[in-house]
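Asker: Take this structure first; my questions come after.
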Amino acid sequence: MIKASTGLGETPVYGALGALYGAVGLGHGTEAATWPTPELAAMLRPDAHDWVDPDRWDLRCYENYPAHRQAMREKLAQWVDSVAEFARRRGIPAVLGEGVVGHTSPLTRFEEDAVGKDIAEFVVNRCLAAGFQGVVLTSNADPHHPTWHTDEDWMRRVNSRVTTG
């Protein structure tokens with residue numbers, strides 16, 4: 001895995017999503033003592049004991065995003081620059097083959113709405129400036145996610161910068 005070879009470790013750039021994972025006990029080194037955590041219980045759909053309401057999930061991410069925005073951008077810029085240098089030193093192409101926001105449920109919109117698109121475009125721009133030869137916009141830009149059907153114009157516009165850049 002290239003990330004490990006760059007010296008940046010295996011820590012993903014989750015930011016607000018990582019804070020949410022910690023609050024609801026979904027891992028990343030934050031195993032919950034009780035299940036479900038009070039935070040998770042507050043987000044569960046009333047008609048299901050193990051299904052999160054996507055609006056409540058997204059709201060929690062949006063409420064916490066401002067506190068993480070700058071750190072996320074700095075870490076992403078550091079990661080992109082490090083991978084670009086790693087690729088240059090080895091004479092291989094730099095390619096981003098996965099989105100960078102983190103894992104979100106297909107029914108949530110944090111990664112697909114304005115915040116996620118802003119992060120994705122920030123990364124695309126940084127990758128192109130660093131000489132990357134390919135960039136995947138988002139983990140959710142595939143046929144089984146809503147983005148494929150709801151955000152076609154955005155995907156075409158940003159992808160055109162990658163394919164013509």
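The values are calculated or read from the model by the stated rules, or taken from the named source; none is laboratory data. A quick note: this is a predicted structure, and the numbers were derived from the prediction, not measured. As a convention, Cβ positions derive from the backbone with ideal geometry for all residues, glycine included, and neighbour counts pool all protein chains shown. Remember, those area values only see protein heavy atoms, side chains included, never the ligands or the DNA or RNA. Shrake-Rupley method; radii C 1.70, N 1.55, O 1.52, S 1.80 Å.
Asker: Which ones in region 81-111 are under 20 Å from Asn140 (Cα atoms) and either of a type in the set (S, T, N, Q) or not in a loop (DSSP other than H, G, I, E, B) (or both)?
Answerer: Val95, Leu96, Thr104, Ser105, Thr108
Asker: Given the criteria open to solvent by 80 Å² or more (accessible area, probe 1.4 Å), in a helix (DSSP H, G or I) and either under 25 Å from Thr147 (Cα atoms) or modelled with pLDDT of 90 or more (or both), does Arg73 qualify?
Answerer: Criteria not met by Arg73.
Asker: Among the candidates Trp154, Trp148, single out the residue that is among the aromatic types (Phe, Trp, Tyr) and open to solvent by 60 Å² or more (accessible area, probe 1.4 Å).
Answerer: Among Trp154, Trp148, only Trp148 is among the aromatic types (Phe, Trp, Tyr) and open to solvent by 60 Å² or more (accessible area, probe 1.4 Å).
Asker: Restricting the search to region 114-143, which residues are among the small types (Gly, Ala, Ser) and either surrounded by fewer than 20 Cβ atoms within 10 Å (Cβ to Cβ) or more than 20 Å from Glu74 (Cβ to Cβ) (or both)?
Answerer: Correct list: Ala114, Ala129, Ala130, Gly131, Gly134, Ser139, Ala141.
Asker: Right, next: Can you tell me which residue within region 77-113, out of those that are among the basic types (Lys, Arg) and touching a residue at least 12 places away in the same chain (Cβ under 8 Å), is surrounded by the most Cβ atoms within 10 Å (Cβ to Cβ)?
Answerer: Result: Arg109.
Asker: From the list Ala42, Ala67, pick out the single residue that is open to solvent by 40 Å² or more (accessible area, probe 1.4 Å), over 20 Å from the mean Cα position of the chain (by Cα) and at pLDDT 85 or above.
Answerer: Going through Ala42, Ala67 in turn, just one is open to solvent by 40 Å² or more (accessible area, probe 1.4 Å), over 20 Å from the mean Cα position of the chain (by Cα) and at pLDDT 85 or above: Ala42.
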